[in-house]
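Here's the structure, in structure tokens; my notes come after.
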Amino acid sequence: MLTQEVRELTRQVIDHAQKYNDDDVHTVAAGALTASGRVVLGLNTYHFLGGPCGEIAVLSHHAGSCPDDPITVMAAAYGPTGDVVSPCGKCRQIVHDISPAIQFVVRDHGGLCTRTARELLPFAYDQGAAERPQQIFMWEGYEALVRRGEKQQTIRVDDPFRVGPAEIVFERADGMVAVLPASVSEVRTVYRTELTDLDAVRDGFGSLAELNSALDTHYPGLEPEARVDVVTFQLLGG
């Protein structure tokens, strides 16, 4: 899970991306968290001759406003969808050259996490990712419940989804991967303490206690006052 400071950085970057996105020249926002806790924001400027990415805009803003307050974490988001995106190769290399210890917020199968510029190669920027269905990775033990329609939602922490096309992905222990086409119909953010017995049933559990036990397994240390996303989905073509 992300720290609260990094979570807040990511929220501000997503808000900035969605607020100033124009579906043309300015589509990606980025932000940096400094050692003192300051957040510096920036926006890309696309041009066919080339133009600065959001991360480069942030570096320029940082250099002109607080150069003695070093950057510790960076994040970027795509404005049309609000998705967190990994930096492109150029930005990764530039940040690595500034300090390979700077962390980026990226997304792996378990949700949002941080990786240093040195570690980032497996999370290379994928230009077509925003056009493909979002992938919801689940434990293989839930596959039968999902196929039978007994599990119609999933509860996530630091693993944001949006309403729209999706794929439910099960990576099985035998190495096989099952992918079920689906659609996310609702994303509801609540405090963990606000989860109900109905949420438990929709999630495939017999009681709220069973649901909370599963959350403790998937997210060790998750506090009662933590905010969680309740993601409701339906399978397609079944």
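The values are calculated or read from the model by the stated rules, or taken from the named source; none is laboratory data. Small disclaimer: the values here were computed from a predicted structure and weren't measured. Every residue, glycine among them, receives a Cβ derived from its backbone with ideal geometry; neighbour counts consider all protein chains shown.
Residues checked against (1) modelled with pLDDT of 95 or more; (2) within 18 Å of Glu5 (Cβ to Cβ); (3) surrounded by fewer than 16 Cβ atoms within 10 Å (Cβ to Cβ):
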site	(1), (2), (3)
Cys66	yes, yes, no
Ile71	yes, yes, no
Ala75	yes, yes, no
Tyr78	yes, no, no
Ile102	yes, yes, no
Leu112	yes, yes, no
Arg118	no, no, yes
Pro122	no, no, yes
Tyr125	no, no, no
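Which of the residues spanning region 84-113 are part of a strand (DSSP E or B), within 15 Å of Glu55 (Cβ to Cβ) and either of a type outside the set (A, V, I, L, M) or in contact with a His (Cβ under 8 Å, 6 or more places away or on another chain) (or both)?
Within region 84-113, Gln103, Phe104 qualify.
What strands (runs of 3 or more DSSP E) completely inside region 146-199 contain at least 2 residues that are touching a strand residue (DSSP E or B) at 6+ places or on another chain (Cβ under 9 Å) and farther than 20 Å from Gly110 by Cβ?
Counting at least 2 such residues, we get 164-171, 177-191.
Name the single residue that is surrounded by the most Cβ atoms within 10 Å (Cβ to Cβ) among those in region 143-188 being over 12 Å from Asp229 (Cα atoms) and of a type in the set (S, T, N, Q).
Gln152
Looking only at region 1-34, count every residue that is within 18 Å of Tyr125 (Cα to Cα) and either surrounded by fewer than 17 Cβ atoms within 10 Å (Cβ to Cβ) or polar (S, T, N, Q) (or both) and tell me the total.
Here the count works out to 2.
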